Amino acid sequence: MNTTVTPVVVDPKPWWMSKTIWLNLVSAVLLALELKFDLLQPYLPGSVYAWFAVFLSVANPVLRIITASPITFGFTKSE
């Protein structure tokens, strides 16, 4: 029995189409704004931050698992 594996070539997508990058970018910006201006903390219970950390810990691996294509940052390989 001769079994051959054919690799699947997937074109990379631009970085701005990556859900994983956007999730992390938005999270970082919101955290920085909250630390600097303290806008939400007076109105939210302390457990919100813990739940947010749990959400990010689950969301990042899930997004990585469902990722189908690599990303590119605008640089091209010279062939």
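If R0 equals 30 Å, the separation of the Cβ atoms of V10 and D38 corresponds to a calculated FRET efficiency of about 0.10.
Exposure proxy shown here: for W51, W15, the number of other Cβ atoms within 10 Å sets the order, fewest to most, as W51, W15.
For the chain, the fraction of C-alpha pairs more than 22 angstrom apart is 48%. Against the main long axis of the alpha-carbon atoms of the chain, helix 47-66 sits at an angle near 10°.
Remark: segment 23-39, residue by residue, has Karplus-estimated 3J(HN,Hα) of 4, 5, 5, 5, 4, 5, 5, 4, 5, 5, 5, 5, 5, 7, 10, 6, 7 Hz, where x stands for each Gly or Pro and the curve is 6.51 cos²θ - 1.76 cosθ + 1.60 at θ = phi - 60°.
Computed from the coordinates by the stated procedures, all read-outs in this text should not be read as laboratory data. Only a predicted model underlies this, so the values are computations on that prediction, with no experimental measurement involved. Using ideal geometry, Cβ is built from the backbone for each residue, glycine included, and neighbour counts are taken over all protein chains shown.
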